[in-house]
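Beneath this line is the structure, given in structure tokens, with notes to follow.
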Amino acid sequence: MTKSRLNKSNLVQTGFGICLLLLVLFLHADSHEEAGEGTTEPIVETDPQQEEVDDLAQADLTLLERVSIERGKTLSGTCVACHGDDGNTQIPEYSNIAGQNEKYLLKQLKLIQSKEREIVLMVGQLDNFNDDDLQSLARYYSSLTPIIVQANPDNLALGEAIYRGGIKEKSIAACTACHAPQGTGNLLAGFPRVSGQTVPYLVNTLKEYRSQTRTSDEDVGSMMRDIAKNLSDEEIEAVANYMTSLY
């Protein structure tokens, strides 16, 4: 009788233990599911056809750019007399436009076409060009390789000091802020490349800003005129000489 009661008691305890174990396992599994809620990233199925369309669109864009560059080359016939066959001029007073930032070139072409920027030798040159023509011309010249010009060593130190550090007492900021340490400019902002530019052209440009005869910096708050008005002839020549040899 006593033995039978003990067996029943053991069975009850064993059954209770099993139930308790199952309950613990259930709660443990449920807590893991709750912890995982909101953290599991959804599975995104890719559409092979859409990927193919995207690839073709990218290929077409590259093709369109190449076509635009070739069109720009065909439109550049009248430009070579002043800016050279490859966008690098043989006349120091004119600008090198090979490798110039596309956005900057396009802006200047539009200003010249609208006569907001007056260049005597370019009067009428762009009258028959539409916006696509100007874009192609800018894209073509920006795709060309700029030259590296040897600077005059005599005033390099002054030019470097101005370009990299500005002139604090005249409230002139460092040129690197807009034209980059290597003089490559800023593509997104449309600030021009100054590296490889001819010294006479850079000197004339800074003096035109200083005298207010060039006003193509309106969209950046007359920034270049505000800087140039405080530069002496010596400082202009020094910084122009330094910029030409940057690369």
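The values are calculated or read from the model by the stated rules, or taken from the named source; none is laboratory data. Quick caveat, the model's predicted, so the values are computed rather than measured. Every residue, glycine as well, gets a Cβ built from its backbone with ideal geometry; the counts of neighbours run over all protein chains shown.
Summary table below
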{"item": "Residue pairs meeting the criteria (Cβ under 9 Å; at least 6 apart or on separate chains; first farther than 14 Å from VAL239 by Cβ, in segment 177-192; second at pLDDT 95 or above and among the acidic types (Asp, Glu))", "result": "LEU187/GLU102; GLY190/GLU102"}
{"item": "Qualifying residue in segment 41-58 (condition: modelled with pLDDT of 85 or more, hydrophobic (A, V, I, L, M, F, W, C) and assigned to a loop (DSSP other than H, G, I, E, B))", "result": "no"}
{"item": "Candidates ALA177, ALA161, ALA189 - the one that is among the small types (Gly, Ala, Ser) and surrounded by 14 or more Cβ atoms within 10 Å (Cβ to Cβ)", "result": "ALA161"}
{"item": "Residue within segment 217-237 that is in contact with an Asp or Glu (Cβ under 8 Å, 6 or more places away or on another chain) and β-branched (Val, Ile, Thr) present", "result": "no"}
{"item": "Selection within segment 204-221 - surrounded by fewer than 18 Cβ atoms within 10 Å (Cβ to Cβ), more than 18 Å from ALA177 (Cα to Cα) and of a type in the set (Val, Ile, Thr)", "result": "THR213, THR215"}
{"item": "Residue ranges of helices (runs of 4 or more DSSP H) in segment 194-247 with at least 3 members in contact (Cβ under 8 Å) with a residue 60 or more places away in the chain and not basic (Lys, Arg)", "result": "199-210, 233-244"}
{"item": "Residues that are more than 21 Å from GLN90 (Cα to Cα) and either of a type in the set (A, V, I, L, M, F, W, C) or within 24 Å of the chain's Cα centre (by Cα) (or both), drawn from segment 132-159", "result": "ASP132, ASP133, LEU134, GLN135, SER136, ARG139, LEU156, ALA157, LEU158"}
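Per-residue answers, yes or no, for (1) in a helix (DSSP H, G or I); (2) in contact with a helix residue (DSSP H, G or I) (Cβ under 6 Å, 6 or more places away or on another chain); (3) without any contact (Cβ under 8 Å) to a residue 24 or more places away in the chain; (4) of a type in the set (S, T, N, Q):
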| residue | (1), (2), (3), (4) |
| --- | --- |
| LEU63 | yes, no, yes, no |
| TYR104 | yes, no, no, no |
| LYS107 | yes, no, no, no |
| ARG117 | no, yes, no, no |
| SER136 | yes, yes, no, yes |
| ILE148 | no, no, no, no |
| GLU160 | yes, yes, no, no |
